[in-house]
Amino acid sequence: MVSKAVIHIPIDIFIGFTFAVENQMVQINYHLQIKNKIEDMQKRKLGNSGLAVSELGLGCMGMSFGYGPAADRNEMITLIHKAVESGVTFFDTAECYGPFTNEELLGEALAPFRNKVVIATKFGFQNGDSMQGLDSSPARIRTVAEQSLKRLQVDAIDLFYQHRVDPNIPIEDVAGTVKDLIAEGKVKHFGMSEAGVDSIRKAHAVQPVTALQSEYSLWWREPENEILPTLEELGIGFVPFSPLGKGFLTGAITESTQFDKTDFRNIVPRFSEENRKANQLVVDAITAIATEKKATNAQIALAWVLAQKLWIVPIPGTTKLHRLEENLAASTIKLSATDMQKIENVLETINVQGARYPAQLQSRIGK
């Protein structure tokens, strides 16, 4: 008879081994769930570039900059993870958001998902500070690229925007510098922000522009005049920021709303108390349509943007989990031609009051 050897394993080692295996299985299942979620959300390609992203992205500026004090870092990491889990693959930041801290936040939050997401960032200001003026010199572009790579914890920047056109630097030199960075493997795609048609054409002739980022929403439709036709002609994607009108179109802001002293909406003419009162007509119109569609104002505003063109990818921002979930649900709302015409008919009767930027900021637009 052959005797059987019995191996005695201490109970603490056995439990530890079992926990490690179970923990590994939990992690594998978690990442499979993430993968399935990402695949579930509809994708859009930004123009002819082939760059595919989720049809709704996440603008991250407000987490660190612009709308009052920076939000809690851990809470924002949780929110970003929730966005990924919900299928978002497109995240927007810039060196001047903070400055620098927003890029660092995304670098940390998105590290576990690096091969599943697209991160866009921007260059174009002196020392990364939007208050110091423009600087798109080739040397500055290269410096920003190197620093952003480190803060984002990536080997290459997925989409590198010029934040604002610098009138002191030929746009051909800007595009040429980014073209070199692409050849060096440090950047994958070139973008522009708030640029005018002439600059877009000149830049595109040197290095194909993957996407233009500019404001566009139910209460700011100027891009429809020249920008959108030009982008369609050239095969360039469009990434609207503030598709919810800096929060106003949601209905959460009224004439009596008090902003934090560091909130930049305090200096925006469209957000004066008088203009907020007058522009409530826009909110009321959206509310009526939202009620009919059993949706929220934010969802109707985002669905309207999504319905314009298949190469348009809005990037609403938020610091609240419930708003993130609300916004992402907009992708399930389909507006019919009748719905779109109804919205058009109502908006034609409303004259939105107030400029979208104060004069000193407006001077940087459309160059």
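The values are calculated or read from the model by the stated rules, or taken from the named source; none is laboratory data. Remember, predicted model here, so these are calculated numbers, not experimental data. Because the Cβ atoms are built from the backbone with ideal geometry, glycine has one as well, and the counts that use them run over all protein chains shown.
Being polar (S, T, N, Q) and either under 29 Å from residue 282 (Cβ atoms) or touching a Cys at 6+ places or on another chain (Cβ under 6 Å) (or both), is that true of even one residue in region 161-183? Within region 161-183, not a single residue is polar (S, T, N, Q) and either under 29 Å from residue 282 (Cβ atoms) or touching a Cys at 6+ places or on another chain (Cβ under 6 Å) (or both).
Scanning region 168-213 for residues that are in a helix (DSSP H, G or I), closer than 15 Å to residue 121 by Cβ and without any contact (Cβ under 8 Å) to a residue 40 or more places away in the chain yields a total of 2.
Any residue that is of a type in the set (Gly, Ala, Ser), surrounded by fewer than 20 Cβ atoms within 10 Å (Cβ to Cβ) and at pLDDT 95 or above - is there at least one of those in region 114-127?
Scanning region 114-127 turns up no residue that is of a type in the set (Gly, Ala, Ser), surrounded by fewer than 20 Cβ atoms within 10 Å (Cβ to Cβ) and at pLDDT 95 or above.
I'd like the full set of residues that are closer than 12 Å to residue 158 by Cα and among the basic types (Lys, Arg), limited to region 172-215. Result: 186, 188.
Each residue in region 350-367 was checked for being more than 23 Å from the chain's Cα centre (by Cα) and at pLDDT 95 or above, and 5 of them qualify. Note on region 136-145: among residues that are in contact (Cβ under 8 Å) with a residue 24 or more places away in the chain and assigned to a helix (DSSP H, G or I), the one that is surrounded by the fewest Cβ atoms within 10 Å (Cβ to Cβ) is 138. Between 158, 135, the distinction of being under 18 Å from residue 212 (Cα atoms), under 23 Å from the mean Cα position of the chain (by Cα) and of a type in the set (Asp, Glu) belongs to 158 only. Within the option set 199, 136, 217, being small (Gly, Ala, Ser) and in contact with a Pro (Cβ under 9 Å, 6 or more places away or on another chain) holds for one residue only, 217.
Filtered by the rule that a residue be of a type in the set (D, E, K, R), within 20 Å of the chain's Cα centre (by Cα) and over 11 Å from residue 299 (Cα atoms), region 316-349 gives a lone residue, 320.
Filter the strands (runs of 3 or more DSSP E) completely within region 31-132 down to those with at least 3 residues that are of a type outside the set (Gly, Ala, Ser), under 29 Å from residue 260 (Cα atoms) and touching a residue at least 12 places away in the same chain (Cβ under 8 Å). Counting at least 3 such residues, we get 90-92, 118-123. Listed by position, the helices (runs of 4 or more DSSP H) contained in region 233-315 that have at least 3 residues being within 17 Å of residue 326 (Cα to Cα) are 280-293, 297-306.
When you look at residue 313, is it closer than 27 Å to residue 197 by Cα and either hydrophobic (A, V, I, L, M, F, W, C) or more than 26 Å from the chain's Cα centre (by Cα) (or both), yes or no? So residue 313 fits the description; yes. Residues of region 257-269 that are in contact (Cβ under 8 Å) with a residue 12 or more places away in the chain and farther than 19 Å from residue 130 by Cβ: 257 alone. In region 316-349, of all residues being under 23 Å from residue 59 (Cα atoms) and not in a helix (DSSP H, G or I), the one that is modelled with the lowest pLDDT corresponds to 334.
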